[in-house]
């Protein structure tokens, strides 16, 4: 910004000098023995050179500012795309575990159904954007647990580990029910 101001001052100063010399030459009655036309042409040539240099500098500076803005927008866009890819991978994991839980429930493998519903619920909690997924998965987990006759200790531990971070009031009751199946 400071360079632009100094170029402006120089260009305006040269313009003023060339204007004064031109007016003096046109309006004066007595001519000096100097070659005033050569002086005016020299000053105007210097003025044109400064103005062309100033325009080149302005174009280069504009190009630099545009590149800086483009890089900032690219970084912002990259961050948004990466966050959407991250969320999509979590959402796919939730959907896959939920689907496997449904298949296991349909084949009457309730302990595996409960494990996969718990895994899906864990990922849905990490994703933390859609309460409907959590409600559906939690209800599926409750139904799978209700149909289980017995859970081995390893299955209990895995289910409890996956659901302990879920923010729901019914988790404590469900954990007690899981522990009672052991």
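Values as computed for the structure displayed
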{"read-out": "Within the range 111-128, considering residues that are surrounded by fewer than 19 Cβ atoms within 10 Å (Cβ to Cβ) and without any contact (Cβ under 8 Å) to a residue 40 or more places away in the chain, the one farthest from residue 159 (Cα to Cα)", "value": "128"}
{"read-out": "Which numbered condition residue 173 misses (of (1) crowded, with 17+ Cβ neighbours inside 10 Å; (2) modelled with pLDDT under 75)", "value": "(1)"}
{"read-out": "Which listed residue, of 57, 86, 123, is out of contact with any helix residue (DSSP H, G or I) (no Cβ under 8 Å at 6 or more places or on another chain) and assigned to a helix (DSSP H, G or I)", "value": "86"}
{"read-out": "Evaluation of residue 154 against (1) closer than 19 Å to residue 178 by Cα; (2) in contact (Cβ under 8 Å) with a residue 24 or more places away in the chain; (3) assigned to a helix (DSSP H, G or I) (one fails), failing number", "value": "(2)"}
{"read-out": "Search result, residues across the range 139-156 that are out of contact with any helix residue (DSSP H, G or I) (no Cβ under 6 Å at 6 or more places or on another chain) and within 30 Å of residue 88 (Cβ to Cβ)", "value": "139, 142, 143"}
{"read-out": "Matching residues in the range 136-151 - criterion: being over 17 Å from residue 100 (Cα atoms) and either in a helix (DSSP H, G or I) or without any contact (Cβ under 8 Å) to a residue 40 or more places away in the chain (or both)", "value": "146, 149, 150"}
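To keep it simple, each residue is scored yes or no on (1) over 22 Å from the mean Cα position of the chain (by Cα); (2) outside the structural domain of residue 145 (by TED's automatic domain parsing); (3) within 29 Å of residue 132 (Cβ to Cβ).
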residue	(1), (2), (3)
70	no, yes, no
89	no, no, yes
93	yes, no, yes
97	yes, no, yes
100	yes, no, yes
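The values are calculated or read from the model by the stated rules, or taken from the named source; none is laboratory data. Source: prediction; values computed, not measured. Methodologically, a virtual Cβ is constructed for each residue, glycine included, from the backbone with ideal geometry; neighbour enumeration extends over all protein chains shown.
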